[in-house]
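The values are calculated or read from the model by the stated rules, or taken from the named source; none is laboratory data. The structure displayed is predicted, hence computed values, not measured ones. Cβ atoms come from the backbone with ideal geometry, glycine included; neighbour counts cover every protein chain shown. Please note that ligands, DNA and RNA were not included when accessible areas were found on the heavy atoms of the full protein model with its side chains. Shrake-Rupley method; radii C 1.70, N 1.55, O 1.52, S 1.80 Å.
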Amino acid sequence: CSRDAMDIDGLGPAILELLIQEKIIASATDLYSMDPARIAALEGMGETSAENIRRSVEKSKGNDLSRLVFALGIRGIGAKAAQLLARKFGTMDAIEAASPEEIESIDGFGKIMAENVAEFFSHQPNCDMIKRLKDAGVNMTCQDQPQSDELAGKTFVLTGILPGLSRSEAKKMIEQAGGKVSSSVSGSVSKKTSYVLAGEEAGSKLDKANELGIAVIGEQELRAMLGSTQPVE
């Protein structure tokens, strides 16, 4: 239910614990068959809260495949790795059928990550869970393929506050143009970095870019690269 996974608003840890205690849900698949009337009857909830949760659950069915893959909780597969998997194979069925060698061929994947994915899909209960999610109408295809290749082969590090874009919007614009945003924990600048996209309060990453001679650009330069003047939708 977390923001980077299926992003189901209103289902935080406390509410989920309550739903489990009241035996309304016992697994992730149960989220898609909850009775709003039972939720509304819970202490502190009511019809408005129940309806908001119902709408959020329904909306989550249309999420991109990458969010669902991340939500499965496969060992070592974070949001970025889930996106790479979804883009590479296109559908959940194709990911399920992929061999460890095919998965390992993805740039950014290693042997252990590939084996973890294959191991997850080798267990029938996991495959059964995915089938139930599919039957519930949850999207099983990748809709987040790059829309152009203007930034193909380019790696960006984001730092600071941009005047007209959130960090996630800038990341999406870069990725939709075929670029890559550094996914390391610190988003560190290295010789492999093509550009540092810097805003206000950029800090040490800007200093590192200047030290290494890495090109530093702002929001307007990024938009110029993409021929864009409007925020990403």
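Worth a mention:
- Odd one out for residue 88, checked against (1) at pLDDT below 95; (2) crowded, with 18+ Cβ neighbours inside 10 Å: (2)
- Of all residues making up region 10-22, the number that are part of a loop (DSSP other than H, G, I, E, B) and under 20 Å from residue 78 (Cα atoms): 1
- Filter result for residue 96 (open to solvent by 30 Å² or more (accessible area, probe 1.4 Å), assigned to a helix (DSSP H, G or I) and over 20 Å from residue 5 (Cα atoms)): no
- Region 166-220 - residue that is within 25 Å of the chain's Cα centre (by Cα) and without any contact (Cβ under 8 Å) to a residue 12 or more places away in the chain and, of those, farthest from residue 76 (Cα to Cα): 166
- Listed by first and then second residue, the pairs linking a residue in region 19-37 that is acidic (Asp, Glu) to a residue that is open to solvent by less than 70 Å² (accessible area, probe 1.4 Å), with Cβ atoms under 7 Å apart and 6 or more places separating them unless they lie on different chains, are 22/42.
- A search for C-beta distances below 8 Å between a residue of region 44-64 that is part of a helix (DSSP H, G or I) and any residue that is exposed (fewer than 13 other Cβ atoms within 10 Å of the Cβ), counting only pairs 6+ apart in sequence or on different chains, returns 50/37.
- Region 155-205, residues that are among the aromatic types (Phe, Trp, Tyr) and either open to solvent by less than 10 Å² (accessible area, probe 1.4 Å) or part of a helix (DSSP H, G or I) (or both): 156
Here's the yes/no breakdown for (1) at pLDDT 95 or above; (2) at negative phi; (3) open to solvent by less than 30 Å² (accessible area, probe 1.4 Å):
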| site | (1), (2), (3) |
| --- | --- |
| 9 | no, yes, no |
| 17 | yes, yes, no |
| 26 | yes, yes, no |
| 33 | yes, yes, no |
| 47 | yes, yes, no |
| 54 | yes, yes, no |
| 72 | yes, yes, yes |
| 77 | yes, yes, yes |
| 83 | no, yes, yes |
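- Residues that are outside any loop (DSSP other than H, G, I, E, B) and open to solvent by less than 80 Å² (accessible area, probe 1.4 Å) within region 116-136 comprise 116, 117, 118, 120, 121, 126, 127, 128, 129, 130, 133, listed in sequence order.
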